[in-house]
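Here it is, the structure, as C-alpha cells.
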Amino acid sequence: TSVKPYPWTIDPSLVTAHAKIRIKQNSDATGTVYDESNNEFQIKPLLAIGAIAGSPWTVEEQKSVGWTTVGNLSQLNLYYSSAGQSGPWGSAQITGITASGGSTFWTIPTSAVSWGNGVLKLVRVEGGQEDTDVLSKSSNFTIKGKINVSSPVTNQNYNVQQTGQVNWSTIGTV
C-alpha cells in the first residue's frame, strides 16, 4: 500500500533492542525494490499497574499490587510517592519482583500517609538496570494513618460520674 504513514500493530514477540524496518514492493518478483531503515530502534514491552482497590488504605496494612504485561519482562521495582504523579519517589519499596507473577504484596510504611496524592510506580529491571522507558503509575489514592486505643481495656467497668482514662497512640500522621 502507498498509505503513509502505515499503521503497524507491533506483536509482543518482536520485543528487541536491535530492530530495523524493511519496506519492499510486493509486485517486484526479483525482490530488489526495497529499503531498510538506517538506524536500529528498540521495541519495548508494555507494563500496566492495576487499579488501586479499596482506597483509602491504612499504614501497616499489607496490600496486593497487581499489573499486566505485554511482551517479556523479567523483574520490576516498586516505588511510592505521597506527593502525586511527579514524585519525588525516593528508594524502591520493593526490588527484584518477578514480573511474570502479576502481583506482589506491599506492607504500607507508617510514613506513607497521603490524602489523595499517593501513587505507586512499577519500573522494569533488565540485567540489573532499571529501564525507565518501561514503567507504569497508579492513579492517585489515599493512605491514612491509624489510631490504636489502648484503654479502657476489656472487662474494665466504670460507674456513672466516675472519671475514666482513655489512652491511644497514633501510627502515621492522623
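Inside the range 111-127, can you point out the residues that are exposed (fewer than 14 other Cβ atoms within 10 Å of the Cβ) and touching a strand residue (DSSP E or B) at 6+ places or on another chain (Cβ under 9 Å)?
The answer is TRP115, GLY116.
Quick check on ALA17: is it at pLDDT below 90, open to solvent by less than 60 Å² (accessible area, probe 1.4 Å) and in a strand (DSSP E or B)? Break it down into steps so the answer makes sense when it comes.
Details: at pLDDT below 90: yes; open to solvent by less than 60 Å² (accessible area, probe 1.4 Å): yes; in a strand (DSSP E or B): yes.
It is true that ALA17 is at pLDDT below 90, open to solvent by less than 60 Å² (accessible area, probe 1.4 Å) and in a strand (DSSP E or B).
Examine the range 133-142 for a residue that is more than 19 Å from the chain's Cα centre (by Cα) and open to solvent by 70 Å² or more (accessible area, probe 1.4 Å), and state whether such a residue exists.
Quick first cut of the range 133-142, residues more than 19 Å from the chain's Cα centre (by Cα) only: none.
Checked the range 133-142: no residue is more than 19 Å from the chain's Cα centre (by Cα) and open to solvent by 70 Å² or more (accessible area, probe 1.4 Å).
Name the pairs whose Cβ atoms lie under 6 Å apart, with the first residue in the range 87-103 and of a type outside the set (Gly, Ala, Ser), the second modelled with pLDDT of 95 or more and in a strand (DSSP E or B), and 6 or more positions between them or separate chains?
So the pair list comes out as TRP89/TYR79; TRP89/SER81; GLN93/LEU78; GLN93/TYR80; ILE94/LEU78; THR95/ASN77; ILE97/LEU76; ILE97/THR104.
Could you check PHE41 against (1) open to solvent by 80 Å² or more (accessible area, probe 1.4 Å); (2) over 30 Å from TYR80 (Cα atoms); (3) of a type outside the set (Asp, Glu) and say which number it fails?
All conditions pass for PHE41, except number (1).
Being surrounded by 10 or more Cβ atoms within 10 Å (Cβ to Cβ) and in a loop (DSSP other than H, G, I, E, B) is the filter here, so list the residues in the range 1-14 that pass it.
Passing the criteria: ILE10, ASP11.
Given ASN77, ASN26, which one is among the polar types (S, T, N, Q), open to solvent by less than 50 Å² (accessible area, probe 1.4 Å) and either without any contact (Cβ under 8 Å) to a residue 60 or more places away in the chain or in a loop (DSSP other than H, G, I, E, B) (or both)?
Values: ASN26 fails: open to solvent by less than 50 Å² (accessible area, probe 1.4 Å).
From the options ASN77, ASN26, the qualifying one is ASN77.
Could you check the range 1-36 and list, in sequence order, the residues that are within 30 Å of THR68 (Cβ to Cβ) and among the polar types (S, T, N, Q)?
Filtering the range 1-36 for residues within 30 Å of THR68 (Cβ to Cβ) gives 5-21.
Matches in the range 1-36: THR9, SER13, THR16.
Follow-up. Just to be sure I understand the filter: pairs with C-beta atoms under 9 Å, separated by 6 or more residues or on different chains, first member in the range 128-152 and more than 23 Å from ILE52 (Cβ to Cβ), second member assigned to a loop (DSSP other than H, G, I, E, B) and of a type in the set (Lys, Arg). Which pairs pass?
Here the result reads ASP131/LYS44; ASP133/LYS44, each pair linking the range 128-152 to a residue that is assigned to a loop (DSSP other than H, G, I, E, B) and of a type in the set (Lys, Arg).
Right, another one. Here is a list: SER136, SER150. Which entry is assigned to a strand (DSSP E or B), within 14 Å of TYR79 (Cα to Cα) and small (Gly, Ala, Ser)?
Numbers: SER150 fails: within 14 Å of TYR79 (Cα to Cα).
After ruling out the rest, the residue left standing is SER136.
The values are calculated or read from the model by the stated rules, or taken from the named source; none is laboratory data. These figures come from a predicted structure and were not determined experimentally. Virtual Cβ from ideal backbone geometry, glycine too; neighbours counted across all protein chains shown. Just so you know, the surface numbers come from the protein's heavy atoms only, side chains and all, with ligands and any DNA or RNA stripped out. Shrake-Rupley method; radii C 1.70, N 1.55, O 1.52, S 1.80 Å.
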